[in-house]
1. Looking at Leu65, is it of a type outside the set (Asp, Glu) and not in a loop (DSSP other than H, G, I, E, B)?
2. Identify the single condition in (1) open to solvent by less than 60 Å² (accessible area, probe 1.4 Å); (2) free of Cβ contacts under 8 Å to residues at least 24 places away in the same chain; (3) within 30 Å of Ser250 (Cα to Cα) that Asp136 does not satisfy, given that it satisfies every other one.
3. Any idea which of Leu45, Leu34, Leu54 is in a loop (DSSP other than H, G, I, E, B), modelled with pLDDT of 90 or more and hydrophobic (A, V, I, L, M, F, W, C)?
4. Take the range 290-317 and flag every residue that is acidic (Asp, Glu) and either free of Cβ contacts under 8 Å to residues at least 24 places away in the same chain or over 23 Å from Ile218 (Cα atoms) (or both).
5. Sort out for me the strands (runs of 3 or more DSSP E) sitting completely within the range 152-261 that have 3 or more residues that are free of Cβ contacts under 8 Å to residues at least 60 places away in the same chain, touching a strand residue (DSSP E or B) at 6+ places or on another chain (Cβ under 7 Å) and β-branched (Val, Ile, Thr).
6. Which residues, taken from the range 43-61, are farther than 14 Å from Asp132 by Cα and buried (at least 20 other Cβ atoms within 10 Å of the Cβ)?
7. Does Lys152 qualify as being open to solvent by 60 Å² or more (accessible area, probe 1.4 Å), in contact with a helix residue (DSSP H, G or I) (Cβ under 8 Å, 6 or more places away or on another chain), at pLDDT 95 or above and of a type in the set (D, E, K, R)?
8. Test each condition in (1) modelled with pLDDT under 90; (2) in a strand (DSSP E or B) for Asp85 and report the one that comes out false.
Amino acid sequence: MGKIKQFACFVFMLCCIACKTGEETDAEVSAGKLNEISIVIDDVLWNGEVGDSLRKRFAAPLDGLSQEEPLFTLSQLNDASFEADMTKLRNIIVVEKSGKRDFKFRQDGNCKPQNTFTITGRSIDELLELIDMHADEVIRTIRQTEIAQIQKRNQQEGLLTESVFSSQYGISINVPATYGIPVKNDKFLWLKKDIPSGNTNVLLYTVKYDVLERDKDILNNIIRMRDSIGRQYIHGTEKGTFMVTEEAYSPYFFMTGFNDKRAFETRGNWEMEGDFMNGPFLNYAIRDDKHQCYLVVEGFIYSPSSDKRDLIMELESIIKSIKFL
């Protein structure tokens with residue numbers, strides 16, 4: 001039995017043991033960097049079609065960034081790098097060519113949180129088919145885990161008081177206490193955190209239904225709304241400069257759900273009109289029928305010298321902590 005098969009069996013046994021004893025002992029805390037997947041696979045498969053398929057699906061460019069960054073960072077573990085303590089990693093995909101076609105998912109097996117996906121196939125074609133069939137499920141599960149990890153960390157490190165948001169917007173939202181408030185009035189709230197390479201920001205405001213739904217041109221209405229807010233509140237260091245949606249990159253636009261409410265999600269890039277500043281943004285317009293408006297929550301980043309993937313996920317984790325009161 002090869003070491004990869006031993007790894008798969010070992011992980012499965014640990015999952016079963018954990019299920020039986022989980023009430024008696026606290027699970028160990030998993031390890032691993034944010035948005036990292038450890039792939040247990042032999043070198044032959046990794047360097048061939050199977051590895052290409054894994055990289056195509058799990059290291060594809062992340063939507064909404066002007067510079068290419070992978071959806072996940074992939075780390076291969078082969079026979080030579082196999083160690084028992086690898087089972088403490090947070091996100092693991094085991095891929096093996098064997099005598100059985102199968103896909104298995106185990107959660108919180110040897111530590112918590114942990115996602116272990118096992119893909120086995122009798123041929124290269126079966127492995128490719130299984131990867132394609134289950135990739136979206138794997139991506140969705142890992143992203144949910146990573147966002148929950150960030151939210152847990154934020155809570156442990158301390159949050160801004162909820163009264164800042166409940167009285168004005170009728171929501172609770174978990175914003176780290178490291179954020180300051182550059183602008184706050186009865187129509188608009190800007191939260192900002194300085195980081196070594198720049199800053200991360202969260203904006204909250206409300207707009208009437210017809211601001212977004214006029215002529216059923218939702219995306220262009222969102223762009224016009226963003227640009228209007230930028231002109232009014234988000235200014236550069238030079239006089240007459242303000243934030244607008246960057247025209248060179250067409251935003252990614254989705255209709256989605258947000259805590260059982262209809263919402264529009266827009267990912268794209270902003271730039272400073274009359275200046276050279278720019279960066280990515282993530283915008284949610286959530287239909288709030290109770291208050292007859294859209295709640296708009298946006299995260300944007302200015303960090304010219306660093307990667308943006310993990311920063312944009314940190315903003316997403318803040319936004320997705322929203323609960324309507």
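The values are calculated or read from the model by the stated rules, or taken from the named source; none is laboratory data. Since we're looking at a predicted model, the values are computed, not measured. Counting neighbours? That spans all protein chains shown, and the Cβs are built from the backbone with ideal geometry, glycine included. Surface areas here come from the heavy atoms of the whole protein model, side chains and all, with no ligands, DNA or RNA. Shrake-Rupley method; radii C 1.70, N 1.55, O 1.52, S 1.80 Å.
1. Numbers: of a type outside the set (Asp, Glu): yes; not in a loop (DSSP other than H, G, I, E, B): no.
Judged against the criteria, Leu65 is not a match.
2. (1)
3. Working: Leu45 fails: in a loop (DSSP other than H, G, I, E, B); Leu54 fails: in a loop (DSSP other than H, G, I, E, B).
Step by step, each of Leu45, Leu34, Leu54 is checked, and only Leu34 is in a loop (DSSP other than H, G, I, E, B), modelled with pLDDT of 90 or more and hydrophobic (A, V, I, L, M, F, W, C).
4. So in the range 290-317, the residues acidic (Asp, Glu) come out as 298, 307, 310, 314, 316.
Once the filter is applied, which keeps residues that are acidic (Asp, Glu) and either free of Cβ contacts under 8 Å to residues at least 24 places away in the same chain or over 23 Å from Ile218 (Cα atoms) (or both), the range 290-317 yields Asp307, Asp310, Glu314.
5. Working: elements: 180-184, 188-195, 198-207, 242-245, 252-258.
Here the list is empty.
6. We begin by selecting, within the range 43-61, every residue farther than 14 Å from Asp132 by Cα; these are 43-48, 61.
The one that is farther than 14 Å from Asp132 by Cα and buried (at least 20 other Cβ atoms within 10 Å of the Cβ): Leu45.
7. On the way: open to solvent by 60 Å² or more (accessible area, probe 1.4 Å): yes; in contact with a helix residue (DSSP H, G or I) (Cβ under 8 Å, 6 or more places away or on another chain): no; at pLDDT 95 or above: yes; of a type in the set (D, E, K, R): yes.
No; evaluated as a whole, the condition is false for this residue.
8. The single condition Asp85 does not satisfy is (2).
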